[in-house]
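J.: Mind having a look at this structure? Questions to follow.
The values are calculated or read from the model by the stated rules, or taken from the named source; none is laboratory data. The structure presented is a predicted model; accordingly, all values stated were derived computationally and were not measured. So basically every Cβ, Gly included, is an ideal-geometry build from the backbone, and we count neighbours across all protein chains shown.
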């Protein structure tokens with residue numbers, strides 16, 4: 001059995017592979033045998049997870065793996081750098097599109113899930129993690145009921161569910177994008193690590209710089225955003241852009257900054273479908289803005305939020321997918337200083353009895369960055385999980401330096417503290 005990849009899914013097939021990484025920290029002692037059985041149960045529900053990518057001429061397809069090739073849980077001891085080593089391990093070309101590794105420690109275990117973006121987006125990767133832990137709990141309780149046979153019908157690609165567009169509509173969208181690209185150039189962050197020819201760590205070149213607030217700090221930041229009448233997502237984007245501006249040399253002061261926001265289309269298609277379907281269903285919207293070093297973050301945050309909301313309402317992100325081939329012939333429309341994948345507020349996966357899932361991390365990892373480009377966008381994935389605001393910034397240590405990324409993180413932290421200070425701290 002096979003299903004041909006759609007045009008949008010083909011974006012994720014090539015020399016550079018990307019995967020959605022989810023990391024769960026668990027206390028209480030994970031039963032590796034139960035977790036492996038839960039993984040098998042999860043695979044049975046989605047043929048995409050039991051597939052490989054194959055090529056026949058100029059056509060690419062999802063093709064079912066043989067039973068002996070299906071992903072299984074790998075168990076290794078935890079230790080310094082272990083998590084980084086795991087998510088630096090690329091999914092093999094022509095092999096399974098999912099990796100699951102349990103790192104066992106003395107007080108905590110860590111589950112690292114990696115799913116190829118050809119079959120998922122951030123939301124479906126999150127739902128996969130939820131299903132895995134629900135299956136674990138059901139098998140543990142003896143209530144899991146295996147299906148009579150694994151699911152065989154493939155999920156429909158997002159391309160087939162978008163409203164039909166005429167050539168005139170697609171051409172008009174491309175013209176609007178080209179008009180928006182005119183004007184001051186877009187600044188990208190220089191690859192300072194590449195200039196220094198820095199050697200990547202032994203664990204691998206990819207890592208993530210994380211900003212994590214406490215629950216109390218997150219509550220104050222949310223209250224500050226409400227008092228300032230600015231969406232928190234927009235404020236975080238504004239803080240990231242001003243952090244980027246601070247990292248850029250003065251000769252870039254007349255450049256604009258560009259932000260690509262990921263947009264989930266699952267609820268915006270002819271037949272809406274759930275997060276459990278393992279298909280990439282995200283598009284994007286680009287905002288270009290003049291961002292001075294002393295930008296008002298509330299004004300900028302509201303502008304970014306309004307621009308994104310209006311684009312979604314008029315169907316712009318869907319048009320980005322439908323006009324993809326036309327847009328790819330115009331490199332100028334792809335300039336981006338920041339690529340933002342906003343997960344939003346989630347509760348986190350349910351903890352099975354006897355276990356406590358104390359943390360969850362999510363970000364995208366590329367198998368390869370090219371330091372020779374000299375500059376590139378910063379990636380950021382904000383979310384609020386279990387009441388704590390978390391911002392992940394995955395990056396290649398062959399491109400950006402630790403100082404660059406911690407500088408951005410610290411700038412954003414100060415901006416969030418300033419927002420929280422709009423509301424007096426509780427007494428006592």
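J.: Of the conditions (1) in contact with a helix residue (DSSP H, G or I) (Cβ under 7 Å, 6 or more places away or on another chain); (2) modelled with pLDDT of 95 or more, residue 28 clears all except one; give me its number.
T.: The number of the failed condition is (1).
J.: Among the numbered criteria (1) at pLDDT 95 or above; (2) within 23 Å of the chain's Cα centre (by Cα); (3) surrounded by fewer than 15 Cβ atoms within 10 Å (Cβ to Cβ), which one does residue 350 miss?
T.: (1)
J.: OK, next. Yes or no: the stretch 6-13 includes at least one residue that is within 30 Å of residue 354 (Cα to Cα) and within 22 Å of the chain's Cα centre (by Cα).
T.: Checked the stretch 6-13: no residue is within 30 Å of residue 354 (Cα to Cα) and within 22 Å of the chain's Cα centre (by Cα).
J.: Pairs please, first residue from the stretch 333-350 and at positive phi, second anywhere and not in a loop (DSSP other than H, G, I, E, B), Cβ atoms under 6 Å, 6+ apart in sequence or on different chains.
T.: 348/360; 348/385
J.: Just wondering, is there one or more residues in the stretch 155-174 that are under 30 Å from residue 370 (Cβ atoms) and part of a loop (DSSP other than H, G, I, E, B)?
T.: yes
J.: Which of the numbered conditions does residue 148 fail, given that it passes all the others? Conditions: (1) under 26 Å from the mean Cα position of the chain (by Cα); (2) without any contact (Cβ under 8 Å) to a residue 12 or more places away in the chain.
T.: Looking at each condition in turn, residue 148 falls short on (1).
J.: Can you tell me which of (1) under 28 Å from residue 206 (Cα atoms); (2) more than 18 Å from the chain's Cα centre (by Cα) is the one residue 342 doesn't meet?
T.: Looking at each condition in turn, residue 342 falls short on (2).
J.: Consider the stretch 211-232. How many of its residues are crowded, with 20+ Cβ neighbours inside 10 Å and assigned to a helix (DSSP H, G or I)?
T.: So the answer is 6.
J.: Which of the numbered conditions does residue 207 fail, given that it passes all the others? Conditions: (1) crowded, with 22+ Cβ neighbours inside 10 Å; (2) over 28 Å from residue 17 (Cβ atoms).
T.: The one condition residue 207 does not meet is (2).
J.: Scanning for something surrounded by 15 or more Cβ atoms within 10 Å (Cβ to Cβ), modelled with pLDDT under 95, touching a helix residue (DSSP H, G or I) at 6+ places or on another chain (Cβ under 6 Å) and not in a strand (DSSP E or B), does the stretch 193-203 turn up at least one residue?
T.: yes
J.: Are there strands (runs of 3 or more DSSP E) fully within the stretch 28-145 with at least 3 residues that are surrounded by 16 or more Cβ atoms within 10 Å (Cβ to Cβ) and in contact (Cβ under 8 Å) with a residue 12 or more places away in the chain? List them.
T.: Qualifying strands (runs of 3 or more DSSP E): 51-56, 59-64, 98-104, 108-116.
J.: Taking residue 356, is it surrounded by fewer than 20 Cβ atoms within 10 Å (Cβ to Cβ), closer than 23 Å to residue 131 by Cβ and free of Cβ contacts under 8 Å to residues at least 60 places away in the same chain?
T.: Criteria not met by residue 356.
J.: Is it true that residue 342 is in contact with a strand residue (DSSP E or B) (Cβ under 8 Å, 6 or more places away or on another chain), modelled with pLDDT under 95, closer than 26 Å to residue 409 by Cα and surrounded by 13 or more Cβ atoms within 10 Å (Cβ to Cβ)?
T.: So residue 342 fits the description; yes.
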